[in-house]
1. What is the gain in length, in nm to one decimal, between residue 19 and residue 76 on full extension, counting 0.36 nm per residue of separation less the C-alpha to C-alpha distance?
2. Please order 21, 29, 76, 38 by the number of other Cβ within 10 Å, starting at the fewest.
3. Run the simple label-point estimate for residue 11 and residue 84 please: 7 Å along Cα→C-beta, distance reported in nm.
């Protein structure tokens, strides 16, 4: 799994790398990612530039279906364990 991370979250980046995730800064990494971890009320304008991977494409969905996408994780007030659980489950609570 390729996890993009917002610039400035170096400690969180190190923690995710220590847990075995391939973590990149999306401002520098111009390739598809599976998830994006950020802090704030919005993804700092990065959403438009994100590319997705097809790592979780099972072949049962069409390429345009909900099986593809970037998992957006707002790390505000979340522990590394909570973020890892979201990454493992590929499920996040509603935005509102």
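1. Working: separation 57, 0.36 × 57 = 20.52 nm, distance 1.92 nm.
Result: 18.6 nm gained on full extension.
2. Numbers: 21 20, 29 15, 76 9, 38 23.
Fewest-to-most Cβ neighbours within 10 Å comes out as 76, 29, 21, 38.
3. Calculated label separation equals 1.7 nm.
A short reminder: the numbers here are calculations on the coordinates, not readings from a lab. Everything numeric in this text was worked out from a predicted model, so none of it was measured. Cβ sites come from the backbone with ideal geometry, for glycine too, and all protein chains shown count toward neighbours.
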